[in-house]
Amino acid sequence: MKPGVIKINVNKTVCQGCRTCEAVCSLAHTGAVSPQTRGIQVKELNELGKFKLTVCQQCSDMVCAQACPVGCINRNSYSGAVEIQDGCTGCGACAEACPIGAIVMVNLDRETKPYKCDLCGGLPECVPACPRQALSW
C-alpha cells in the first residue's frame, strides 16, 4: 500500500471535545478506557469551545522511524500505518522526533513505552465513533 493513503483527517471546526475518540481508541487497543493509552489526543485550547486533535499522519518520510536507534518502527504492509514493533527500548527518541507530537510516552506494566495511532489495522475505530463526524479517513 502506498504510504499515507490511509490517515485520519480532523475537522477541528466540528469537534466539541467529547473525547469519545480517545475512549474508543483506548478500549479497542487495551480492553479498558485509559486516558494515557490512546492514539489520538484531544487538548482544550485557551479559547472556550476550541479543541486541538493530534493523531499520527502516517508520514511518508517516517521521521520517528529514522530516530529509532533499534529500528523497531516500520510501516504495516496492509494498512500503511507506521507502527511501533516489539523490541522497543522506550528511549523516547521517536516521540522527540515526531513533528506534530503524535507519539506519547506512557507507563505500561512498569515500563515506559511510546504509544501512537496504528489505524486499528486499517479500519480506524475512532472515525465511526465520533458523534459529530469530526473525523474521517
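Here, each number is a calculation from the coordinates, and none is a lab measurement. Please read these numbers as outputs of a predicted model, since none were measured by experiment. Neighbour counts are summed over all protein chains in view; Cβ atoms, including those assigned to glycine, are modelled from backbone coordinates with ideal geometry.
Compactness ratio of region 45-109: Cα Rg over 2.2 N^0.38 Å, N = residue count?
1.27
Once the dipole of the chain is set up with Lys and Arg at +1 and Asp and Glu at -1 on Cβ about the Cα centre, which of CYS120, ILE6, TYR78 lies farthest towards its positive end?
Farthest along the dipole direction, towards plus: ILE6.
Whole-Hz Karplus ³J(HN,Hα) for region 50-64, in order, using 6.51 cos²θ - 1.76 cosθ + 1.60 and θ = phi - 60°, x for Gly and Pro?
10, 10, 10, 9, 10, 8, 3, 9, 6, 3, 6, 8, 6, 4, 4
5 Å is the cut-off here: which amide hydrogens, built 1.01 Å from N in the peptide plane, fall below it relative to ILE73, excluding neighbours closer than 5 in sequence?
GLN85
Read phi for every residue in region 43-48 and hand back ³J(HN,Hα) as whole Hz from Karplus 6.51 cos²θ - 1.76 cosθ + 1.60, θ = phi - 60°, with x for Gly and Pro.
For region 43-48, the Karplus-derived couplings read 10, 7, 8, 5, 7, 3 Hz, x marking Gly and Pro.
Considering only SER60, GLY101, PRO131, whose Cα is most displaced toward the positive end of the charge dipole of the chain, charges sitting on Cβ of Lys, Arg (+1) and Asp, Glu (-1)?
Checking the options against the dipole of the chain, the answer is PRO131.
Please give the charge dipole size of the chain, origin at the Cα centre, charges +1 on K and R Cβ atoms and -1 on D and E Cβ atoms. Round to the nearest 20 debye.
Dipole size: approximately 380 debye.
Which one, GLU111, GLU47, GLU83, has the greatest fluctuation when you compute a Gaussian network model over the chain with C-alpha springs under 10 angstrom?
Fluctuation is largest for GLU47.
What do you get for chymotrypsin sites (Phe, Trp or Tyr not before Pro) in region 42-136 restricted to DSSP loop and a cutoff of at most 13 other Cβ within 10 Å of the site's Cβ?
Here the chymotrypsin sites (Phe, Trp or Tyr not before Pro) that fit, given the DSSP loop and packing criteria, are TYR78.
Just from the alpha-carbon atoms, what are the Rg and Dmax of region 78-129 in angstroms?
Values for region 78-129 (Cα only, Rg and Dmax): 12.1, 34 Å.
What are the principal axis extents of the Cα atoms in region 1-107, in Å, biggest first?
Here the spans come out as 42, 30, 26 Å, largest first.
Report, by chain and number, residues whose modeled amide H sits under 5 Å from the one on VAL33, excluding near sequence neighbours (fewer than 5 apart, same chain).
none
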